Amino acid sequence: MDCRYCFYLPKSQYFSQSSVHRMNESVLQELIRQMMAQTVNAVSFGWQGGEPTLMGREFFEKAVALQQRFGNNQQIGNGLQTNGLLIDDQWAHFLAEYQFLIGLSLDGPRQVHDYYRTTIGGKGTWQRVVDSAKRLLDAGCSVNALTVVNNYSVQFAEEIFEFHRELGLNFMQFIPCIETDPQQPEKVMEFSVTATDYGRFLCQLFDCWIGSFVNGVPTTSIRLFDAVFFSYVDMAPPMCSLLPECGNYVVVEHNGDVYSCDFFVEDRWRLGNILEDTIIDLLNSPLQQKFGKLKAQLPEQCCCCPWLKYCRGGCTKHRLGDQHSHRANYLCQAYKMFFEHSDKKFKQLAAEWHKKRQLEKKAIRRKIYQQIKSGDLKVSRNDPCPCGSGIKFKKCCEPFFNERNDNKIDAQ
Ligand code: SF4
Ligand code: SF4
């Protein structure tokens, strides 16, 4: 493929030693060995390219075999981001069998998708991608539609949302297209989206999302909205751009070079190489910490912004020109429009969520109380609370239990 807005092809300049860039077996093995050696319960890999399926299925068969070999009963997650062109039945069955979460690049209906996503010969790719989507869904894969919002597709929020849903792609992720002109880094390329257009797009998309709720429950997942909701219920959002700092993942290139972020594969953010260093040391390295803290150095206008708690100044990449310059985010206006539009509804959803959680917690406490009273459950004050909160029993559910008053649990 030769998408006009691709930001990754120019990165090949950093790997000029060879014209073909493929991860060899020793790098793959070392990568997986180090990842599986971590003392954590869950390890996740995100396979991206270029186009990762160009490595062939055998590469991924090796990868899952190595994960089993070096694993220590951890939960293993694999995500694969693909343009879909090479996905045949064998691929679909393999990906389903190993429960890969697929990110499929699809920009919406035919005329929207084919506007920029063409082959090198200029032919549209929509039909082939749609066929792949059906193949993956039929095989039982979990598929996320990854949609780039550019200066053209930004006009079609509702059409894109409806199109994905009709195809059965109920998990969606939207990526604003903002690429700078290599000659003038403070200017964006013509296919980039403007902040006000993107703000309007997000508001329209939000209304579509809310419109798809059934009995107060969403029937569609939109990654940005799901993540913002986490902040509204005081939990850390699972999306780096909404966190106060960056730096909790790294990119490993085909030759083992490690970089701070896939948007920053450039010499100044090269952390090291996994054949000489360990990923864990590179994640904790001063350079990666410096990268992470760049995001927290906010421009003045963010510090007094009512949306800071949710927005966190956006992605560092979108501070155009120089990320050290404390410039406002290129998309600032879009975020302001979106939060002004959605705040009331998010607050209402958060209040409903808290109410539901309270009721669930009450039911769990009642059950625990009855089990303790009947002698079926023994728990000491310093044990982790049996409700699963991770907090000590004496600081969690125990204060709610009162031997002298069985009804007290209901009253809490
Ligand atoms: S620069 Fe952007 S994409 Fe990269 S880690 Fe930071 S917020 Fe995430
Ligand atoms: S909306 Fe704009 S000013 Fe407010 S926190 Fe986000 S980027 Fe900063």
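The values are calculated or read from the model by the stated rules, or taken from the named source; none is laboratory data. Computed from a prediction, not measured in an experiment: that's the story for all the values here. Reconstructed Cβ throughout: ideal geometry from the backbone, glycine too, with neighbour counts over all protein chains shown.
Points worth noting:
- Odd one out for GLN204 among (1) over 14 Å from the mean Cα position of the chain (by Cα); (2) in a loop (DSSP other than H, G, I, E, B); (3) within 24 Å of ASP343 (Cβ to Cβ): (2)
- Candidate set from region 21-35 (those that are under 13 Å from GLU51 (Cα atoms) and not charged (D, E, K, R)); member that is modelled with the lowest pLDDT: HIS21
- Criterion violated by GLN99 - all others in (1) surrounded by 15 or more Cβ atoms within 10 Å (Cβ to Cβ); (2) within 24 Å of the chain's Cα centre (by Cα); (3) of a type outside the set (Val, Ile, Thr); (4) at pLDDT 95 or above satisfied: (1)
- Taking region 260-271 as the range and being within 14 Å of ligand 1 (Cβ to nearest atom) and over 14 Å from LEU294 (Cβ atoms) as the test, the residues that pass are ASP262, VAL265, LEU271.
- Condition met for GLY140 (crowded, with 22+ Cβ neighbours inside 10 Å and over 20 Å from ALA63 (Cα atoms)): no
- All positions within region 225-244 that are within 15 Å of ligand 1 (Cβ to nearest atom) and touching a Phe, Trp or Tyr at 6+ places or on another chain (Cβ under 9 Å): VAL228, SER231, ALA236, PRO237, PRO238, MET239, CYS240, LEU242
- Just one residue in the set GLY313, GLY247 is near ligand 1 (Cβ under 10 Å from one of its atoms), in contact (Cβ under 8 Å) with a residue 40 or more places away in the chain, small (Gly, Ala, Ser) and in a loop (DSSP other than H, G, I, E, B); that residue is GLY247.
- Within region 250-259, the residues that satisfy the criterion of being more than 14 Å from ligand 1 (Cβ to nearest atom) and not in a strand (DSSP E or B) are GLU253, HIS254, ASN255, GLY256.
- Cβ pairs under 8 Å, 6+ apart, first in region 284-299 and closer than 9 Å to PRO244 by Cα and assigned to a helix (DSSP H, G or I), second within 16 Å of ligand 2 (Cβ to nearest atom) and among the β-branched types (Val, Ile, Thr): LYS295/THR316
- Where ASP107 falls short, out of the listed (1) among the charged types (D, E, K, R); (2) farther than 28 Å from CYS3 by Cα; (3) under 22 Å from the mean Cα position of the chain (by Cα): (2)
- Qualifying residue in region 286-305 (condition: touching an Asp or Glu at 6+ places or on another chain (Cβ under 8 Å), more than 16 Å from ligand 1 (Cβ to nearest atom) and at pLDDT 95 or above): no
- Test: TYR330 is within 15 Å of ligand 1 (Cβ to nearest atom), surrounded by 20 or more Cβ atoms within 10 Å (Cβ to Cβ) and at pLDDT 95 or above: no
- Qualifying residue in region 337-354 (condition: in a loop (DSSP other than H, G, I, E, B), out of contact with any strand residue (DSSP E or B) (no Cβ under 6 Å at 6 or more places or on another chain) and within 15 Å of ligand 2 (Cβ to nearest atom)): no
- For ALA227, the conditions (1) part of a helix (DSSP H, G or I); (2) in contact (Cβ under 8 Å) with a residue 40 or more places away in the chain; (3) closer than 30 Å to ASN151 by Cα all hold with the exception of (2).
- Residue count for region 231-244, restricted to those that are more than 22 Å from VAL43 (Cα to Cα) and either in a loop (DSSP other than H, G, I, E, B) or away from ligand 2 (no atom under 16 Å from the Cβ) (or both): 3.
- The residues on offer are GLN38, GLN48, GLN90, GLN74, and the sole one that is modelled with pLDDT under 95 and either over 19 Å from VAL250 (Cα atoms) or in contact with a Cys (Cβ under 7 Å, 6 or more places away or on another chain) (or both) is GLN74.
- Taking the criterion of being touching a residue at least 40 places away in the same chain (Cβ under 8 Å), aliphatic (A, V, I, L, M) and buried (at least 18 other Cβ atoms within 10 Å of the Cβ), the residues of region 252-283 that qualify are VAL252, VAL265, ILE274, ILE279.
- Residue check for TYR152: at negative phi and modelled with pLDDT under 95: no
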